[in-house]
Amino acid sequence: MLRFPIAARVSLALALFLPSCRSAAGWREQADHDVYDLVLQRRAKLGIGDGSFTIEAPKDSLRERLLRGEGPPPTPLTLVQCLEIAAENSRSYRTQEEALYLSALDLTLERWRYQVHEVGVLGAAVAGTGDTAEVATASGDLSLSRCSARAPSSSATSASISRAA
């Protein structure tokens, strides 16, 4: 007779299923990370930029500080500061940055489509009364799939384990 306390069943379920869950914010952060890495790699290869790229609005920019009235700059603005303010206020420049981001996002999606994707499913069931189990079963499936240029293909490997007490 197998015994599976409720705490053990809950712990097993949490250990199996929680690591595979990701929130929408988590997916967004991953997509941003992939896109920014791609853009920075290209810019480094071309030898342009200082290694920073973002489509987020700058926080505490010089323009914002000036608009808040935090005093005039102690010295005249440099050319770089003037260009930063101009880029921040240029709708055309921001549109081009966003178009670059969207193009890189499309590329990361295509790369993802051509990667091997692993999908695993684990299942377990215990039947019995109270803390005594009369029947315990477990199963697991693993599939690997990859999209090819001609047609989607997939290969699958699966395993199933079943034990009755």
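The values are calculated or read from the model by the stated rules, or taken from the named source; none is laboratory data. It should be emphasised that the depicted structure is a prediction, and the values quoted were computed from it without experimental measurement. FYI the Cβ positions are ideal-geometry reconstructions off the backbone, even for glycines, and counts take in every protein chain you see.
On the basis of being at pLDDT 80 or above, loosely packed, with under 13 Cβ neighbours inside 10 Å and under 14 Å from Leu107 (Cβ atoms), does Gln30 make the cut? Can you show your working first?
Working: at pLDDT 80 or above: yes; loosely packed, with under 13 Cβ neighbours inside 10 Å: yes; under 14 Å from Leu107 (Cβ atoms): no.
Criteria not met by Gln30.
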* Asked: Can you name every residue in the range 33-57 that is loosely packed, with under 10 Cβ neighbours inside 10 Å and of a type in the set (Lys, Arg)?
  -> Lys45
* Structure fact -> (1) under 23 Å from Glu29 (Cα atoms); (2) at pLDDT below 85 all hold for Thr75 apart from (1)
* Exactly one of (1) assigned to a loop (DSSP other than H, G, I, E, B); (2) in contact (Cβ under 8 Å) with a residue 12 or more places away in the chain is unmet by Val126. Its number? -> (1)
* **Filtered residue count, the range 81-97, keeping only those that are without any contact (Cβ under 8 Å) to a residue 12 or more places away in the chain and either touching a Pro at 6+ places or on another chain (Cβ under 8 Å) or not in a helix (DSSP H, G or I) (or both)** => 1
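Of the residues Arg94, Arg63, which is more than 30 Å from Trp27 (Cβ to Cβ), of a type in the set (D, E, K, R) and in the same structural domain as Glu29 (by TED's automatic domain parsing)? Full working, then the answer.
On the way: Arg94 fails: more than 30 Å from Trp27 (Cβ to Cβ).
Answer to the check: Arg63.
So that you can scan it fast, the table gives a plain yes or no per residue for (1) closer than 30 Å to Arg42 by Cβ; (2) surrounded by 13 or more Cβ atoms within 10 Å (Cβ to Cβ); (3) at pLDDT below 85:
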site	(1), (2), (3)
Glu97	yes, yes, no
Glu110	yes, no, no
Val126	no, yes, yes
Leu142	no, yes, yes
Thr157	no, no, yes
* Does the range 112-120 contain at least one residue that is assigned to a loop (DSSP other than H, G, I, E, B), surrounded by 15 or more Cβ atoms within 10 Å (Cβ to Cβ) and hydrophobic (A, V, I, L, M, F, W, C)? -> no
